[in-house]
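The values are calculated or read from the model by the stated rules, or taken from the named source; none is laboratory data. Quick caveat: nothing in here was measured; it's all calculated off a predicted structure. Cβ atoms come from the backbone with ideal geometry, glycine included; neighbour counts cover every protein chain shown. Heads up: the accessible areas ignore ligands, DNA and RNA and are worked out on the full protein's heavy atoms, side chains in. Shrake-Rupley method; radii C 1.70, N 1.55, O 1.52, S 1.80 Å.
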There are 2 protein chains.
Amino acid sequence: MANMFSLSSDGQDPAELPDLNDPLMDHSEGQLFLNEAFKIIIEEVLCKGTDVKQKVCEWKEPEHLALLLDLELRAAGEPQQRLLQRVQDVAKYSIKTSHPRFFNQLFAGVDYHALAGRFLSEALNTNLYTYEVAPVFVLIETEVLRSLRQLVGWTEGDGIFCPGGSTCNMFAMNLARYRLFPEVKSQGLWAVPRLTIFTSAESHYSVKKGAAYLGIGTDNIVVVKVDEGGRLIPEDLEEKIELTKAQGAVPLLVSCTSGTTVRGAFDPLDRIADVCEKHTVWMHVDAAWGGSVLFSQQHRHLMKGVARANSVAWNPHKLLMAGLQCSALLLQDTTNLLKKCHSANATYLFQQDKFYDVNLDVGDKTVQCGRKDDCLKLWLMWKAVGSIGLAERVDKAFNLVRYLVEQMRKREGFHLLWEPEFLNVCFWFIPPSMRGKEGNADYQDRLANVAPVIKERMIKQGTMMVGYQPLGDKVNFFRMIVLSTLVSKEDMDFFLDEIERLGNDL
Amino acid sequence: MANMFSLSSDGQDPAELPDLNDPLMDHSEGQLFLNEAFKIIIEEVLCKGTDVKQKVCEWKEPEHLALLLDLELRAAGEPQQRLLQRVQDVAKYSIKTSHPRFFNQLFAGVDYHALAGRFLSEALNTNLYTYEVAPVFVLIETEVLRSLRQLVGWTEGDGIFCPGGSTCNMFAMNLARYRLFPEVKSQGLWAVPRLTIFTSAESHYSVKKGAAYLGIGTDNIVVVKVDEGGRLIPEDLEEKIELTKAQGAVPLLVSCTSGTTVRGAFDPLDRIADVCEKHTVWMHVDAAWGGSVLFSQQHRHLMKGVARANSVAWNPHKLLMAGLQCSALLLQDTTNLLKKCHSANATYLFQQDKFYDVNLDVGDKTVQCGRKDDCLKLWLMWKAVGSIGLAERVDKAFNLVRYLVEQMRKREGFHLLWEPEFLNVCFWFIPPSMRGKEGNADYQDRLANVAPVIKERMIKQGTMMVGYQPLGDKVNFFRMIVLSTLVSKEDMDFFLDEIERLGNDL
């Protein structure tokens, strides 16, 4: 980097202007490059990257990978062939999240129609803030939000796509705060009483991050107890709301979860709604992970009562495979709360004397300025397979989990921690040497070490990827996530075989 | 939408599981679709979309466009040919922001290497939170941030890519707050004295949005006066900091601007740094628009003093054409403030017993959970053209502006409001009928109407796009932005001719 400018011609006389018509790039050469890169993407990421005979990941130690990638940014550019090799290298050493044996996160798989929409979005390169620069996307976003709201059970309402579920959850907090105390927008939190947020011990960490970021503070999150399945207990919620009130604080919002991150639990929304209505507390549902069950006639009962919520966060980039990122915040509100709460009315962008209906300039509904058109990929994918096709994805994932759990029960070393309510299968693998020795003093310590070691071996061999974590008094256990439509019964069998293969000697 | 599920087979017996090996999609058909979509993108967006003989936009009334797009999402999917037609329609009716005559926003143009990086990112579909799922991107982000910091003048420091400059500005506020009062993270703003933020009247609206969102409140923004060029006046800043202190509030942060949104002004950073150092106030530089001048030996003096700042927000998606979004927050801090301030230490994601250095799991430095790898496109583009190539882009834009202004002076109807300091050219077009009539009572009202009418005509004819707005006592004026390397002298001449053609009869 010391030579970042070493080839630069300092002291150029500005009177001697270079050719102002030089585009500084060759368009046909550029398109040729894009074409070649596209071929590499198809071959490396979409063909090999989804082939069970290929590796999920190609592990390299960070120092080694840094050398391989030749990261340094220099003064001079590079030839096209070298750059294509870079595309190839990035593809090669990146994780194949579309691989049928990638079970590591709450996203996986690939949808080609969504991907086409994503390429189109990137090429069109615009911001979703005004109808002027994003006419198609403004209309598509409106329609997609309307359709998602309809699945929630609302015929009216509002909403917006955000860069991730965490942002959706934070917006809900900000809206709840503004609804109760609109003066907070101008005067800040010093002008209002202490506010509290209620959520279960197993909700997503963005509730914490949001409370800190919005100035409310993590101490003002009241943690509500969960039942044996990881679901928020409404009676405990009510007690804690009453206690908070007695202490002089104002209960602001209950953040329920539909599909918790680790266990996949669904909070009992109907019963929580009773409590929220009684105490006039904003009911938010973090359905980032679970929301897509609303497509399934068979499984939508898990979110019974969701229509009584004030807001819902839902990430179609997870279970529906729309591609990162695709996160919608849905609102029952019809009073334009979103815009009132977030707007700054910048005159350079949101001119009021435009020749079209300026309500189409949706950008002031968010705290972002520029915003990606995350709606297009979902719209195109939905058009391609219909609501029925999306429902099939949800149902298939449930069925695969059922199959996996059945197979797991047949094997000695697998200990399911909880009956899965959703697509999270939490289990310990007990190596032969530890079976029947639950009473030993070092059992928990040894067990805690099993998942990390298997995980290390798995990644270094690149055969598959699955996550692990501790929870409460349970030491490290695997959290298997099944969602991609590419996954087959054979992948489930392979998964169990592979865990055994990697862990049997521990 | 009433029929979203009308074809669904309710009451399916879950015991009769469908074929679990059905991928629910045909891969080769999917790749074929992607191939065809890619051809449409090349032809419509990248060839026609950058051709001066083609329109910049294809205006349709919203109601008409909604019908053309057939927005409704239904139960059944659609055939591939219909879907390809949709790709074509989305391309056709979207704004061609890469067109050499798109002067409407602070982004424009296209870079094919960056675009290849974007397609690759979309296909790889991962989240930049752990080395485990994003090894390549973690390393690339680190290197790109290091290189950007080096241009700022820092050999050490920290940073992160955010979904937009607004988020970068908000992070700076949150960091400044946490540095002064770490207890704010747990206890909220009630535990700390009233905080104030200082910024010029012409800074970006995200300062307002951030103050509201973070619970500080817009009333606690102290607006600092600007000079005749729109630059913050350090003497007024100091007076106001002292006044704030005298009133018992704590001056938290000064948000300076390098390249204001409307006028393109650069605040005098060195003199502001003197004030910030004296009063120990966090100095943030919103260089979302202007930051890229740091590449240019000729123009980097505009940001003299930037190395004295605590934080810098910089959007390479603007002047460098990296593609939306590409926004970096850069920090001088070496105490891990970013992570301390934003972390929640979720054990399911950021396990501490991993087999690699967990400092590579950068995800807890942000308030997001999932995060896009916005670094790749910049890295690939930088590798392709080098620092010198990026500097040439900056210099070319300045030179084009110089040419435009020279030409503007030769024409009677163009009234430049301020001498451009950057790439924003702010001017009134005075139609022949209004020339020499500045004293008329209705002059300002008539003038205010000129830009909106020309803009309407321009968009409806699709020949070019440029923005307008009022500012202070100046009624609606055009803000011409020149940045794309595709722009030629002929485009500048065309621009002036076209404004005359569209407005001469007013």
Exercise. Short version: ³J(HN,Hα) in whole Hz for each residue of the range B:268-285, in order, from phi by Karplus 6.51 cos²θ - 1.76 cosθ + 1.60 (θ = phi - 60°), x for Gly and Pro, what are they?
Worked result: x, 5, 4, 6, 5, 4, 4, 5, 4, 5, 4, 9, 6, 10, 4, 9, 10, 10
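What relative contact order, as a whole-number percentage, does the range B:109-261 give when Cα pairs under 8 Å and 6 or more residues apart are counted?
20 percent
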For this session: Would you compute the Debye intensity of the range A:126-377 from its alpha-carbon atoms alone, equal scatterers and no solvent, and pass along log10 I(q)/I(0) at q = 0.13, 0.14, 0.15 Å⁻¹ to two decimals?
Result: -0.78, -0.90, -1.03
Problem set entry | Distance in nm between pseudo-label sites at residue A:440 and residue A:84 (7 Å out along the Cβ direction from Cα) | 5.7 nm
For this session: Go through A:241-249, B:56-64, A:318-326, B:172-180 and give me the packing order, highest mean Cβ count within 10 Å leading.
Result: A:318-326, B:172-180, B:56-64, A:241-249
For this session: Determine, from the Cβ-Cβ distance of residue A:412 and residue B:28 and an R0 of 30 Å, the FRET efficiency 1/(1 + (r/R0)^6), rounded to the nearest 0.05.
Result: 0.15
For this session: Within a 10 angstrom radius of each residue's Cβ in A:41-51, how many Cβ atoms of other chains show up on average? Whole number is fine.
Result: 3
Problem set entry | Copies compared at residue B:406 - label distances in nm, ascending, label defined 7 Å from Cα in the Cβ direction | 7.9
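Which of rounded, prolate, oblate describes chain A, given a ≥ b ≥ c as roots of the alpha-carbon gyration tensor eigenvalues and a/c under 1.5 marking rounded, otherwise prolate only if a/b is larger than b/c?
Oblate, since a/c reaches 1.5 and b/c is not below a/b.
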Exercise. In sequence order, what are the phi-derived ³J(HN,Hα) couplings for the range A:484-490 according to the Karplus relation 6.51 cos²θ - 1.76 cosθ + 1.60 with θ = phi - 60°, rounded to whole Hz, with x for glycine and proline?
Worked result: 6, 5, 6, 6, 10, 4, 4
Exercise. So in the range A:156-257, what percent of DSSP beta bridges are antiparallel if you round to the nearest 5?
Worked result: 10 percent
Seminar exercise, completed: At R0 = 51 Å the Cβ-Cβ FRET efficiency linking residue B:19 and residue A:201, nearest 0.05, sits at 0.85
Exercise. Near residue B:303, within a Cβ-to-Cβ distance under 12 Å, what is the net charge of the other residues, with Lys and Arg +1 and Asp and Glu -1?
Worked result: -1
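Charges only on Cβ, +1 for Lys and Arg, -1 for Asp and Glu: so what's the dipole of the protein assembly as shown about the Cα centre, in debye to the nearest 20?
The dipole of the protein assembly as shown has a size of about 860 debye.
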Exercise. How far is residue B:201 from itself in the other copies, in nm, if each label sits 7 Å out from Cα along the Cα-Cβ line, shortest first?
Worked result: 5.6
Exercise. For the protein assembly as shown, with the dipole built from +1 on Lys and Arg beta-carbon atoms and -1 on Asp and Glu ones, taken about the Cα centre, which of B:130, B:332, B:429 lies farthest toward the positive end?
Worked result: B:332
Exercise. In whole angstrom, how far apart do the alpha carbon centroids of the range A:374-436 and the range A:115-155 sit?
Worked result: 30 Å
For this session: Give the relative contact order (percent, whole number) for the range A:126-377; include only Cα pairs under 8 Å separated by 6+ residues.
Result: 27 percent
For this session: Among DSSP beta bridges whose residues both lie in the protein assembly as shown, state the antiparallel percentage, nearest 5.
Result: 55 percent
Exercise. By per-residue mean of other Cβ atoms within 10 Å, what is the highest-first order of A:405-416, A:183-194, A:327-338?
Worked result: A:327-338, A:183-194, A:405-416
For this session: Report the closest approach of any chain B C-beta to the axis of the B-to-A rotation: residue and distance, in whole angstrom.
Result: B:215, 1
Seminar exercise, completed: Scaled by the rule-of-thumb 2.2 N^0.38 Å, the alpha carbon Rg for the range B:425-506 gives a ratio of 1.12
Seminar exercise, completed: Diffing the range B:80-94: the Karplus 3J(HN,Hα) column from phi (6.51, -1.76, 1.60, θ = phi - 60°), in whole Hz with x for Gly and Pro, holds 4, 4, 5, 5, 5, 4, 5, 4, 4, 5, 4, 5, 4, 8, 8
Problem set entry | Ratio Rg/Rh, restricted to the protein assembly as shown and using Cα atoms, in which Rh is the Kirkwood radius | 0.96
Problem set entry | Value of Rg/Rh across the range A:34-100 [Cα atoms, Kirkwood radius] | 1.01
Exercise. How many percent of the accessible area of the range B:126-377 is carbon or sulfur, using a 1.4 Å probe?
Worked result: 50 percent
Problem set entry | Extreme residue, positive dipole direction of the range B:34-100, given options B:34, B:49, B:93 (C-beta unit charges) | B:49
Problem set entry | Other-chain or far-sequence residues with amide H under 5 Å of residue A:221's (modelled H) | A:197
For this session: Please tell me the relative contact order of chain A in percent, rounded to the nearest whole number, where contacts are Cα pairs under 8 Å and at least six residues apart.
Result: 19 percent
Problem set entry | Selection from B:244, B:153, B:167, by position along the positive dipole direction of the range B:126-377 (Cβ) | B:167
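What ranking do B:419-432, A:197-210 get when scored by the average of other Cβ atoms within 10 Å per residue, highest first?
Peptide ranking by packing, descending: A:197-210, B:419-432.
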Seminar exercise, completed: Listed by chain and number, the residues whose amide H is under 5 Å from that of residue B:315, excluding neighbours fewer than 5 places away on the same chain and using placed H, are B:288, B:289, B:291, B:328
Seminar exercise, completed: Distances in nm between the label point of residue B:81 (7 Å along Cα→Cβ) and its equivalents in the other copies, shortest first, are 4.3
Exercise. Using +1 on the beta carbon of Lys and Arg, -1 on that of Asp and Glu, and nothing else charged, what's the dipole of the range A:34-100 about the Cα centre, debye to 20?
Worked result: 220 debye
For this session: Lys and Arg at +1, Asp and Glu at -1: add these up for the other residues within a Cβ distance under 14 Å of residue A:411 and post the number.
Result: -2
Exercise. What is the local net charge at residue A:189, summed over the other residues whose Cβ is closer than 13 Å to its Cβ (Lys, Arg +1; Asp, Glu -1)?
Worked result: +3
Seminar exercise, completed: Interchain or sequence-distant (5+) residues whose placed amide H lies within less than 5 Å of the amide H of residue A:131 are A:361, A:362
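Inside 10 Å of the C-beta atoms of B:362-373, what's the mean count of C-beta atoms belonging to other chains? Please report the intermediate quantities before stating the final value.
On the way: counts 0, 0, 2, 0, 3, 11, 10, 14, 15, 5, 5, 3.
Across B:362-373, the average partner-chain Cβ count within 10 Å equals 6.
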Seminar exercise, completed: Cross-link reach from residue A:340 to lysines, straight Cα distance under 18 Å and at least 8 residues apart if same chain, gives A:185, A:365, B:208, B:209
Exercise. Under a point-charge model restricted to the Cβ atoms of Lys and Arg (+1) and Asp and Glu (-1), what is the dipole moment magnitude of the range A:367-506 relative to its Cα centre, in debye to the nearest 20?
Worked result: 340 debye
